[in-house]
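I have placed the structure first, in the form of structure tokens, so that the comments after it can refer back to it.
Laboratory data are not the source of any read-out in this text; all were calculated from the coordinates shown. This is a predicted model, so every value here is computed, not measured. For neighbour counting, all protein chains shown are included, and Cβ atoms are generated from backbone atoms with ideal geometry for every residue, glycine included.
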Amino acid sequence: KMDRYENVGRSHTNYIITCSFRQNSWEISKRYSEFAELQNSIKRKQKLSAVLPPKKIFGNFSESFILRRQKALNDYLQAVKREISDFDLLLNFLGSPDITSR
């Protein structure tokens, strides 16, 4: 679930993701570029119909844009979760503390 964000100056936005897996829950922050890296990693291994929201060069610090992107990234993660065949790839992205004890 992604319902918060933090702007790091005028440099970038971190999207705060609340994760849960088995009995563990944790929060992580990810930049848009990290979602793009995840997309590339998945596409090297399998086809993916989940669509990453497009990159935007200008106007990407307005609150309305950030809230739209946050929703789109959350929808993207939910779609990836349904489609991904290498679940460890997603767990690594989400920083799962439980990944080695599965």
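The table below gives the values:
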quantity: Largest to smallest principal axis extent of the C-alpha atoms in segment 1-86, angstrom; calculated: 36, 30, 17
quantity: Radius ratio Rg over Rh of segment 38-102, counting only Cα atoms, Kirkwood formula for Rh; calculated: 1.04
quantity: Estimated FRET transfer efficiency (K81, I16; beta-carbon r; R0 25 Å; 0.05); calculated: 0.90
